[in-house]
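The values are calculated or read from the model by the stated rules, or taken from the named source; none is laboratory data. In this text the structure is predicted, and so the values were computed from the model without any measurement. Neighbour counts are summed over all protein chains in view; Cβ atoms, including those assigned to glycine, are modelled from backbone coordinates with ideal geometry. Calculation scope for accessible area: heavy atoms of the full protein, side chains included, ligands and nucleic acids excluded. Shrake-Rupley method; radii C 1.70, N 1.55, O 1.52, S 1.80 Å.
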Amino acid sequence: MAAGSEPARVRSTPVSFQQPRGPASPSDRLRITRRSILAGAALAGGAALTGLSRARGQPLQPQPDRDFRVEQETPSRDNGPTPQQPMPPGEPGTHYTPVVVPNGWTLPYRLIDGVKVFHLVAEEVTHEFAPGLIAHCWGYNGSVHGPVIEAVEGDRVRIYVTNRLKAPTTVHWHGVLLPSGMDGVGGLSQKSILPGETFMYDFTLRQHGTLMYHSHHDEMTQMGMGMTGLFIIHPREPGGPRPDRDFAIMLHEWYVPVGTSRPDPNEMSDFNILTMNGKCFPGTAPLVARLGQRVRIRIGNLSAMNHHPIHLHGYYFRVTETDGGVIPEAGRWPETTVLVPVGSTRTVDFVADNPGDWAMHCHMTHHVMNQMGHGIANMIGVNPEGLDARVRPLLPGYMTMGQDGMGEMADMGMQVPENSIPMLGGQGPHDTITMGGMFTILKVRESLPNGYDDPGWYENPPGTQSVLAVSDAMRRDGIDKSGDRAPRAPGPKIDLPRNAEPSRETPDGQGTHPSGHHYPSP
Ligand SMILES: [Cu+2]
C-alpha cells in the first residue's frame, strides 16, 4: 500500500485545494457568526436567560437543564463499527461545524473520487512559543503542532505523509479504528518513511471522536520535538444539537534550556515550557464565545511525562467524550477540572451562560510557569539586606529576589537572557497576570461586534468588581483593617524554638528585622 515507490509523482501534484479551511478567514468568521447568532437564539434561549440573570448579580445556581446534551445516540462502535464501505464525504456546515483551533489551523483536503485526500509534511519548524522565545522544533506543514485533521464518520481518507526530516519517521493514528497495516508503528505495522519518501495511508473512518496523530518512530525525540496533532472525526448523524463553538487544544511540555533555541527531548522531568496548541501564556489566544452558545472544548495530551488537570473558572461542565468514544449520559458527572492523561483526549461540554473573562489552565502550579521558574534556590522569608549591601559594590544595583515569592518577577519586568521568556506574566486589564505556561482565557460576551476576534477585556458591570475595601464598608461590617480581630485558628500560637530558624539570621549576622518583613533597600 505504501506509495514510497512513487514519491516524485506525489510531489509534482499541484496543491490547489477545493475547500481550503486553514486559519479562519474573516469571511469564515462572519459565516460562523451569523449561523451562531441564529443557533444561539433558537437553541439556547433558556441558557442565555440564565446567563443574563447572572449578569445582574443573582447567585449562581446549578441549572439541571442547562447541561449541553450531546450525541445521545450510542456511539457507533458500541453498535458495531460503521460498515467499512465508505459513505459520501461529509461536508462542513452540512454534516459538522468545523472546529476552532486557537493558535492553530485545520488541514485542507481535496476530494478525489469521493475520497478526502490530505497531505502531511513532517519537517523542522521554527516556532514561537510566546513573544521572545523562538526555537527549532519538529512538526508538520510548517506548524507546531501539526494541523488538525477533521473528517466525518464514514469518510474514506487518504493521507500522504512526506518526510522532509533528516531522520526516518512514521505517523500513527491514535485511537482510529483501522486495518493493522495502516496503524503507523515503525517496524511493526510498516517500514519507516525515510527522508525524502512519501507514504500513503488509506482507510475508512468507522467511528467518531476526538483522536490524535503522532510520530511512532523514535517517539521520545520526535514527539518531544513537537510531532503531534489532533484527528477529529465528527458523527455522521449527531443525536443532539451541534456545538456552536467547538475548540480543539493539544497540550504539550518541553524543556528549552534558557538561552538556547532547541527543545531538549531527552529531558524527563524538568519541563520549563508548558503549552496549549504550542503556545505558553502570554502567547495563547483566547477562546471566544457568545453568551448562551453551546461550547465544546476538546483537549488532547501527548506530553512526554505529565497528565494535566485542566481547570475552567466560572463554569462547571460535563466530560462527554474520551478518545475511546462518547461517555454514556449516566456516566457523566459535573466537574470544574478535567484530568487529561498522557496519550488521551477529553471533551467537555457546557453552555456559555456566564459572561466574563475566565481563566482556563493546568492546575499543576509548576505548569503555569515559564522558563526559569524551576529549580531555583528557595528565598522565601530570607532577609537579604546584608547580602545585598555586600554584593552591590561588585554588582551595582544588585538586589536579591524571591523572598516574597515569584510574583514580583512579573511586576518588575524581570531581565531575561536573549531568546528566553520570564517565568510568568502577561498584561491584564487590572495588573500583571502572574501566570505563564498552560494558561489561556475563555472570553464570553453578550455581543461580539468583531466576530470571534479577541474582544479585549471584559468590563464587569457596576457592583460586580472586587475593589479595595472602603472604610465605611469595613466599619459597617465590623472589619478591622489590621486583621488582628479577625477569627483565628483555635489553639495556642506556635513559635519555632529560638535556635531552629537560621534563615531569619541575616547574612551579615545582624539579626532579624523587627517586623519580620524584609524589603530590599532602594
Ligand atoms: Cu499540567
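Which value in nm describes the separation of the simple spin-label points at residue 261 and residue 333, placed 7 Å from the Cα toward the beta carbon?
According to this spin-label approximation, the distance is 5.0 nm.
With each label point set 7 Å from Cα along the Cα-Cβ vector, what nm distance links residue 316 and residue 166?
Spacing of the two 7 Å Cα→Cβ label points: 5.4 nm.
Hey, can you grab everything whose amide H is under 5 Å from the amide H of residue 213? Only 5+ residues off in sequence or another chain; H modelled, so Pro and N-termini drop out.
Distant-sequence amide H within range of residue 213: 174, 229, 230, 231.
Which log10 I(q)/I(0) values does segment 174-316 give at q = 0.21 Å⁻¹ under the Debye formula, counting every alpha carbon as one identical point scatterer?
-1.36
Run through segment 224-322 and list the GluC sites (Glu not before Pro) located in a DSSP loop whose Cβ has at most 10 other Cβ atoms within 10 Å. If you can, show how the numbers build up before the last one.
Working: sites: 253, 267, 321; in loops: 267.
Sites meeting the loop and neighbour criteria: none at all.
Using 7 Å Cα-to-Cβ label points, what is the residue 476/residue 450 separation (nm, one decimal)?
Inter-label distance under the simple model: 3.8 nm.
Efficiency by 1/(1 + (r/R0)^6): what FRET value for residue 394 and residue 419, r their Cβ-Cβ distance, R0 = 25 Å, to the nearest 0.05?
Numbers: r = 27 Å, r/R0 = 1.09.
For residue 394 and residue 419, the calculated efficiency is 0.35.
For a Förster distance of 25 Å, can you work out the FRET efficiency between the beta-carbons of residue 185 and residue 94, rounded to the nearest 0.05? Don't skip to the answer; put the middle values down first.
Details: r = 35 Å, r/R0 = 1.40.
The calculated FRET efficiency here is 0.10.
What FRET efficiency comes out for the pair residue 458/residue 493, r = Cβ-Cβ distance, R0 = 45 Å, nearest 0.05?
Numbers: r = 42 Å, r/R0 = 0.93.
Computed FRET efficiency for residue 458 and residue 493: 0.60.
Going by amide H atoms built from the backbone, whose H comes under 5 Å of the H on residue 201, apart from near neighbours?
Answer set, sorted by chain and number: 159, 160, 161.
Largest first, what is the accessible-area ranking of 220, 250 with a 1.4 Å probe?
Numbers: 220 105, 250 5 Å².
Heavy-atom accessible area, descending, gives 220, 250.
Taking H as built 1.01 Å from N, whose amide H comes closer than 5 Å to the amide H of residue 327, not counting residues under 5 places away?
For residue 327, whose amide H was placed from the backbone, the distant partners under 5 Å are 321, 322.
Just need the relative contact order of segment 138-239 here, percent rounded to a whole number, with Cα pairs under 8 Å and 6+ apart.
Numbers: 222 pairs, mean separation 40.6, N = 102.
It rounds to 40 percent for segment 138-239.
At a probe radius of 1.4 Å, what is the per-residue accessible area of residue 269, in Å² to the nearest 10?
90
What is the gain in length, in nm to one decimal, between residue 431 and residue 112 on full extension, counting 0.36 nm per residue of separation less the C-alpha to C-alpha distance? It would help to have the intermediate numbers written out before the result.
Working: separation 319, 0.36 × 319 = 114.84 nm, distance 5.32 nm.
That pair, residue 431 and residue 112, stretches by 109.5 nm at full extension.
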